[in-house]
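Some notes on the structure that comes next.
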């Protein structure tokens, strides 16, 4: 089970095939757009009891909340990992992916999100060391002053029942939105008063 690494976890470095080195501190990610190539990396922690093996990934711009994106990316949107990325149980590791094809619309979308400092969603598909227990975890890369901080939104189990049914998750998300709307309705109005003051 992958999650963002802790803020106190050590910095990790990783190299891409072009020789571009990136580093991510604990709880952080890398999102770079250099010479038309998008480089992405996330410092992750395996909170499960077995090795996690990254198999594929999908990227999208924007916040991937349970309300705005209730389902994970379609199978055809996932890109296979070209490197073996094993994250040991109870320890940290790093995921990496790059978008190089200038005709790939996802590359353009993510490059624009990086350039404009907007959130990015990354979904990682991973298994145990023998290819079972398929899981997808959605991570959010959120811009901060010193880079990108990582959040986790959702897990999907591909070969067993998830901890919560999608209907339960949708109902919980709707309660949050209802309460948010109620709170906003109670806030004092700003601007000129009705009596002209």
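The values are calculated or read from the model by the stated rules, or taken from the named source; none is laboratory data. None of the values given here were measured: they were computed from a predicted structure. Note that each Cβ is placed from the backbone with ideal geometry, even for glycine, and that neighbours are counted across all protein chains shown.
Scanning the stretch 34-49 for residues that are farther than 15 Å from residue 137 by Cβ and surrounded by fewer than 17 Cβ atoms within 10 Å (Cβ to Cβ), we see that the one that is modelled with the lowest pLDDT is 49. Here is the figure for the stretch 114-133: residues that are in contact (Cβ under 8 Å) with a residue 60 or more places away in the chain and out of contact with any helix residue (DSSP H, G or I) (no Cβ under 8 Å at 6 or more places or on another chain) total 13. Taken together, the residues in the stretch 161-197 that are modelled with pLDDT under 75 and exposed (fewer than 10 other Cβ atoms within 10 Å of the Cβ) amount to 12.
Selection over the stretch 2-24 of residues that are in a loop (DSSP other than H, G, I, E, B) and crowded, with 18+ Cβ neighbours inside 10 Å gives a count of 3. Taking the stretch 73-95, which residues are over 21 Å from residue 130 (Cα atoms) and within 16 Å of the chain's Cα centre (by Cα)? Answer for the stretch 73-95, where residues must be over 21 Å from residue 130 (Cα atoms) and within 16 Å of the chain's Cα centre (by Cα): 73, 74, 77. Of the residues making up the stretch 67-78, those that are crowded, with 17+ Cβ neighbours inside 10 Å and either farther than 24 Å from residue 33 by Cβ or at pLDDT 90 or above (or both) are 72, 73, 78.
For every residue, the table says whether it meets (1) touching a helix residue (DSSP H, G or I) at 6+ places or on another chain (Cβ under 8 Å); (2) without any contact (Cβ under 8 Å) to a residue 12 or more places away in the chain; (3) farther than 19 Å from residue 157 by Cβ.
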| position | (1), (2), (3) |
| --- | --- |
| 22 | no, no, yes |
| 38 | yes, no, yes |
| 59 | yes, no, yes |
| 74 | no, yes, no |
| 83 | no, no, yes |
